[in-house]
Structure formats: structure tokens, C-alpha cells
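The values are calculated or read from the model by the stated rules, or taken from the named source; none is laboratory data. Remember, predicted model here, so these are calculated numbers, not experimental data. For neighbour counting, all protein chains shown are included, and Cβ atoms are generated from backbone atoms with ideal geometry for every residue, glycine included.
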Amino acid sequence: MKWFKIVALLSLFNLLGCLPQQLPTYEPGASVPPGKILVIAQLDLRPGVTQGEMSKTHFTVGGTGADEARMYMSPVANIPVNKDAVIPFDLKGASQMNLSYDHPSVVLMDSGVRFVRMGEFTLSATTTWRRNAVGEMRGGANVEKLTLYGDLKLDIPAKVKAVYVGTLRYEHDGVESQKVIVVDEYKKTMKKLDQMKIGISSKDVVKSLAKVVREN
């Protein structure tokens, strides 16, 4: 495994004052705000990954759980993501969501079209402490990440309660993804949602699978 870029995307966006809007995950039993749609999706990584040590501080600050990837979205995807740029895509109107590879995620969104541009999945995150020249303790973060590329179009219809967009499957080499495909696992996902007891049944869900615009 190689180490991800020194500055994580989230920290960079914070630094530049252009942090994408965080789309909230639906909490079981919570009321759904007017006009919001429950979008159901799941992450899949091929080959599967084994996570190393995880610092609780990392997940508190970063906002993702140990089984989640942070996915960045924008209203348009007419220009491919520039993997070598400081800002890899136009952040105007950008948003982000957290997707789990362990179970379906349910995210609150507005209806309309948006594009998943890229994501990052934490493989390990640790904090090390050392004394400086004057004896003060200084901490440093060691974070290893898997970067996910590929443009996916989400078309979220209006006037529905919930939408299933599929399993987003990223094939990777341990450092970054090489290809993304969308897998229809509707029946399997509905069974998992029933087991999660979050109050959504198949009667509430419309299928609108994400479409691959660019594989990588």
C-alpha cells in the first residue's frame, strides 16, 4: 500500500474555505424534512480490504465511521476529475455523503441530478506523539487512504419517499480505483433494510440506478 496524498481532501477543502455541503444520513425514526428524498446506496470494494488500526480521533474529526467512505459530488461532470490538481473538480454546488461497505446507507437528498465524482476510504489512521526540542508533546497523523474515482450520475425523482440507486462497486489496486460499475442488488438491499429496522419497506422505494459516466 502506498500512502495517500499528504493533505486529505477534507482538510484541503476546509483550508480553502470551500467545504462541500455534508448530506445527512437518515436516522431511524426521525422525521423527513419536506422535499427531501431518502436515497439508498451501498459501497463495494473489490478486492475487499482489511483495515488497520483506527484512531477514534480520526473518525470524530473526519466525520466518517470505520466502515464508511466519504463520497464527493457536484451538479455537473462535463470535465473529468483532474487527479493531479489541488482542486480536482469544480466545487461550485458540491456536496458530500458517507457510504458504508458493511450495510446500505440512507442519505437525505433533494430531487434532481447530481454526479458522484470521487471518494476516499480510510484504510488505517493512527496518531503518534513525540516530544519536541523543548519537551512539549506534539501529535502527528498517519493516514492511509484508498482513493475512488469515476463519475456516476444520480437522477433522483421528485415526489417519492425513497430511491434505490444501487451498489457502487469500485475495482482497485490498493491505492486507487481502476474502474467503477453499478450493481443492482435491490432485493438483497431491501432484506438488509428490513433487518436494520429503519422504517423503510420495498413499498416506499423507487428504483433509479446510478449510471456510469466515466469508469475512472
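Is it true that some residue in segment 48-65 is closer than 19 Å to LYS153 by Cα and either of a type outside the set (Val, Ile, Thr) or at pLDDT below 95 (or both)? Looking through segment 48-65, none of the residues is closer than 19 Å to LYS153 by Cα and either of a type outside the set (Val, Ile, Thr) or at pLDDT below 95 (or both).
Note on segment 159-216: residues that are more than 21 Å from TYR26 (Cβ to Cβ) and of a type in the set (S, T, N, Q) amount to 3. Within segment 135-157, is there a residue that is among the hydrophobic types (A, V, I, L, M, F, W, C) and in a loop (DSSP other than H, G, I, E, B)? No, segment 135-157 has no match at all.
Of the residues making up segment 190-216, not one is modelled with pLDDT of 95 or more and part of a helix (DSSP H, G or I). Whenever a residue of segment 153-167 is more than 10 Å from LYS36 (Cα to Cα), its partners that are at pLDDT 95 or above and among the charged types (D, E, K, R), lying with C-beta atoms within less than 6 angstrom and at least six residues away or across chains, give the pairs LYS153/LYS211; LEU154/ARG114; TYR164/LYS207; GLY166/ASP184; THR167/ASP44; THR167/GLU185. Residues that are surrounded by 21 or more Cβ atoms within 10 Å (Cβ to Cβ) and not polar (S, T, N, Q) were ranked within segment 90-105; the one that is farthest from LYS153 (Cα to Cα) is PRO104. Any idea which residue in segment 66-97 is modelled with the highest pLDDT, counting only those that are farther than 18 Å from ASP44 by Cα and basic (Lys, Arg)? Filtering first and then ranking leaves LYS83.
Would you mind stating whether ARG130 is surrounded by 14 or more Cβ atoms within 10 Å (Cβ to Cβ), basic (Lys, Arg) and assigned to a strand (DSSP E or B)? The answer is no for ARG130. As a summary of the residue check, MET137 satisfies the conditions (1) under 17 Å from MET71 (Cα atoms); (2) surrounded by fewer than 13 Cβ atoms within 10 Å (Cβ to Cβ); (3) in contact with a Phe, Trp or Tyr (Cβ under 7 Å, 6 or more places away or on another chain) except for the one numbered (1).
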